[in-house]
Amino acid sequence: MATHLPVLGGHAEGFTATARTDAWWQGPLITFVVFSTFVVYTTWAALQGDHYYANPYLSPFYSPVLFAEPNALLHGGAAPHMAWFGDWPSWMPHFLPLSPAVLILIFPGAFRFTCYYYRKAYYRSFAGSPPGCAVGPLAGRRKYRGETALLLFQNLHRYAMYFALLFVFILMRDAFEGFFRFGRPGIGVGSIVLTVNVVLIACYTFGCHSFRHLIGGRKDCMSDCGKNTVALGSFRQATWFNARHMLFAWLSLFSVMLTDLYVRLVSMGVIHDFNTWGK
Ligand code: FES
């Protein structure tokens with residue numbers, strides 16, 4: 001009598017082929033939709049070059065303002081004194097739109113694009129390699145190269161992290177300035193929006209794997225023979241944020257987009273900013 005033994009190991013062949021019975025596709029699909037929305041909105045907003053400032057609120061997509069055209073304030077741009085290096089220079093390539101955002105977004109963009117969490121997310125939802133655990137990849141039987149060859153640039157993440165830390169402090173300054181209009185202290189909905197945004201961005205940045213490595217992960221021992229050192233305390237804090245990195249990646253993604261939208265709508269006069277300054 002023939003005996004049928006169960007087959008152990010192996011997996012279904014072909015793109016999206018799987019033995020899984022759960023809704024594994026929901027995560028990659030949601031990621032695809034949200035990331036696409038973010039990329040489209042960010043690109044559109046960065047190319048506008050206007051309505052990125054509503055005194056005293058500056059959109060995070062446009063901070064810091066390195067150069068500004070002299071009349072920017074007339075169409076919701078930065079006042080001339082806000083530009084770190086003054087007027088938009090004549091030597092700037094003419095194909096660039098007159099938008100301060102196009103000069104700085106490469107830094108936070110590179111940080112997110114090379115983030116370990118985002119890599120997993122977009123490898124799955126955009127490249128389908130693979131779309132999920134134990135799900136057939138789009139690439140089929142092509143040789144697996146990992147993050148070598150073209151993807152070697154992902155190693156730039158540790159350098160992008162240094163710029164990201166700088167941006168946290170710049171956005172903190174913007175949030176602080178969001179509580180002063182013409183030198184008068186006060187508070188508006190925008191002040192809170194800018195503050196929440198920088199808190200979420202800081203939570204995301206301080207949970208970065210490269211940051212955690214920088215402040216302690218590279219050492220074998222931080223406790224100095226069992227004592228609670230500053231290094232150990234910092235490492236534990238970073239570990240707390242690191243364990244929630246995906247959460248803060250999503251929250252900060254939403255917050256930075258919504259903060260720009262809020263500033264833009266206030267600057268355009270579409271919505272009113274409730275505040276203590278009176279107008
Ligand atoms: Fe995600 Fe560094 S690993 S920001």
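The values are calculated or read from the model by the stated rules, or taken from the named source; none is laboratory data. Bear in mind that the values here come from a model prediction, so they are computed numbers and not experimental data. For neighbour counting, all protein chains shown are included, and Cβ atoms are generated from backbone atoms with ideal geometry for every residue, glycine included. The protein model used for the area step is the full one, side chains on, heavy atoms only, and it has no ligands, DNA or RNA in it. Shrake-Rupley method; radii C 1.70, N 1.55, O 1.52, S 1.80 Å.
Determine if region 26-41 includes at least one residue that is open to solvent by less than 70 Å² (accessible area, probe 1.4 Å) and over 15 Å from the mean Cα position of the chain (by Cα). Checked against the condition, which is being open to solvent by less than 70 Å² (accessible area, probe 1.4 Å) and over 15 Å from the mean Cα position of the chain (by Cα), region 26-41 yields at least one hit. Which one is farthest from the ligand (Cβ to nearest atom) among residues in region 164-192 that are open to solvent by less than 60 Å² (accessible area, probe 1.4 Å) and free of Cβ contacts under 8 Å to residues at least 60 places away in the same chain? Filtering region 164-192 for residues that are open to solvent by less than 60 Å² (accessible area, probe 1.4 Å) and free of Cβ contacts under 8 Å to residues at least 60 places away in the same chain, the one farthest from the ligand (Cβ to nearest atom) comes out as ALA175. Cβ-Cβ contacts under 7 Å between residues 6 or more apart (or on different chains), taken from a first residue in region 101-114 that is more than 11 Å from ALA164 (Cα to Cα) to a second residue that is within 16 Å of the ligand (Cβ to nearest atom) and open to solvent by 40 Å² or more (accessible area, probe 1.4 Å), are listed as THR114/LEU156. Helices (runs of 4 or more DSSP H) fully within region 201-279 that include at least 1 residues being free of Cβ contacts under 8 Å to residues at least 24 places away in the same chain and out of contact with any strand residue (DSSP E or B) (no Cβ under 7 Å at 6 or more places or on another chain): 230-243, 245-268.
Looking only at residues that are within 20 Å of the chain's Cα centre (by Cα) and not in a loop (DSSP other than H, G, I, E, B) in region 54-84, which one is nearest to VAL266 (Cα to Cα)? Ranking the candidates gives TYR57 first. Report, by residue number, each residue of region 96-123 that is open to solvent by 50 Å² or more (accessible area, probe 1.4 Å), among the hydrophobic types (A, V, I, L, M, F, W, C) and within 16 Å of the ligand (Cβ to nearest atom). Selection gives ILE106, PHE107, PHE113. Looking across region 42-53 at every residue that is closer than 20 Å to PHE254 by Cα and not in a helix (DSSP H, G or I), the one that is least open to solvent (accessible area, probe 1.4 Å) is identified as TYR52.
Residue under question is MET161, and the condition is that it be part of a helix (DSSP H, G or I), closer than 23 Å to TYR62 by Cα and either open to solvent by 40 Å² or more (accessible area, probe 1.4 Å) or among the acidic types (Asp, Glu) (or both); does it hold?
no
Looking at LEU247, LEU253, just one residue is within 17 Å of ALA164 (Cβ to Cβ), within 16 Å of the ligand (Cβ to nearest atom) and surrounded by 12 or more Cβ atoms within 10 Å (Cβ to Cβ), and that residue is LEU253.
Give me the residue from region 124-154 that is part of a helix (DSSP H, G or I) and touching a residue at least 24 places away in the same chain (Cβ under 8 Å) and, out of that set, least open to solvent (accessible area, probe 1.4 Å). Once the filter is applied, the top-ranked residue is GLN154.
Yes or no: region 213-220 includes at least one residue that is open to solvent by 90 Å² or more (accessible area, probe 1.4 Å), within 16 Å of the ligand (Cβ to nearest atom) and closer than 24 Å to MET82 by Cβ. No, region 213-220 has no match at all. Is it fair to say TYR62 is within 16 Å of the ligand (Cβ to nearest atom) and not polar (S, T, N, Q)? In short, no.
If I filter region 203-212 for residues that are more than 10 Å from the ligand (Cβ to nearest atom), under 12 Å from the mean Cα position of the chain (by Cα), modelled with pLDDT of 90 or more and crowded, with 16+ Cβ neighbours inside 10 Å, do I get at least one hit?
yes
Might you let me know whether region 221-233 holds any residue that is within 12 Å of the ligand (Cβ to nearest atom), farther than 27 Å from PHE274 by Cβ and surrounded by fewer than 18 Cβ atoms within 10 Å (Cβ to Cβ)? Within region 221-233, none of the residues are within 12 Å of the ligand (Cβ to nearest atom), farther than 27 Å from PHE274 by Cβ and surrounded by fewer than 18 Cβ atoms within 10 Å (Cβ to Cβ). The single condition from (1) modelled with pLDDT under 95; (2) surrounded by fewer than 18 Cβ atoms within 10 Å (Cβ to Cβ) that TRP88 fails is (2). What's the total number of residues in region 258-272 that are in contact with a helix residue (DSSP H, G or I) (Cβ under 6 Å, 6 or more places away or on another chain) and surrounded by fewer than 20 Cβ atoms within 10 Å (Cβ to Cβ)? Qualifying residue count for the region: 1.
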